[in-house]
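The values are calculated or read from the model by the stated rules, or taken from the named source; none is laboratory data. Worth saying up front: this structure is predicted, and the values here are computed from it rather than measured. All Cβ positions, even for glycine, are placed from backbone atoms using ideal geometry, and neighbour counts span all protein chains on display.
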């Protein structure tokens with residue numbers, strides 16, 4: 001039996017999905033699903049030439065999956081947004097600029113950031129200061145050039 005909406009198949013009284021559908025549901029590539037299976041992080045069975053993944057196993061994998069937002073350093077959450085700590089990618093999304101621009105701003109000294117282990121941590125206050133002093137100044141300069 002097939003559910004046309006999301007390609008869930010009932011097999012042996014269990015809801016299962018294909019590699020392709022599992023990738024779509026998790027918003028990752030098919031290759032990422034294959035790797036998760038190979039590393040025994042995601043349970044899957046292979047019948048003839050087709051992999052089948054139990055929907056319950058896929059949900060369990062999703063809960064356990066690595067996420068940068070869950071990263072810790074010396075026992076503390078690195079990017080605790082409730083305390084005003086953000087990752088470079090989160091700051092980039094917040095400011096609607098590429099992540100490389102944020103990395104450059106930290107290296108050039110325009111944006112203060114702390115190095116914790118392998119990660120850069122940016123405080124919300126520093127993001128606001130960078131936005132006001134650097135990005136706003138740049139936008140004003142651009143407007144003056146267009147008007148002049």
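Considering only residues that are touching a residue at least 12 places away in the same chain (Cβ under 8 Å), part of a loop (DSSP other than H, G, I, E, B) and within 20 Å of the chain's Cα centre (by Cα), which ones fall in segment 98-115? If the condition is that a residue be touching a residue at least 12 places away in the same chain (Cβ under 8 Å), part of a loop (DSSP other than H, G, I, E, B) and within 20 Å of the chain's Cα centre (by Cα), then 113 is the only one that fits. Scanning segment 115-148 for residues that are exposed (fewer than 14 other Cβ atoms within 10 Å of the Cβ) and either under 30 Å from residue 74 (Cβ atoms) or modelled with pLDDT of 90 or more (or both) yields 115, 117, 118, 125, 128. Only residues that are surrounded by 12 or more Cβ atoms within 10 Å (Cβ to Cβ), out of contact with any helix residue (DSSP H, G or I) (no Cβ under 9 Å at 6 or more places or on another chain) and within 13 Å of residue 119 (Cα to Cα): list them for segment 49-79, please. Passing the criteria: 71, 72, 73. Within segment 72-83, residues that are touching a residue at least 12 places away in the same chain (Cβ under 8 Å) reach partners that are part of a loop (DSSP other than H, G, I, E, B) with beta carbons closer than 7 Å, at six or more positions or on different chains, in the pairs 73/117; 78/71; 79/71; 79/87. Return yes when residue 136 is in contact (Cβ under 8 Å) with a residue 12 or more places away in the chain and either assigned to a helix (DSSP H, G or I) or in the same structural domain as residue 40 (by TED's automatic domain parsing) (or both) and no when it is not. No; evaluated as a whole, the condition is false for this residue.
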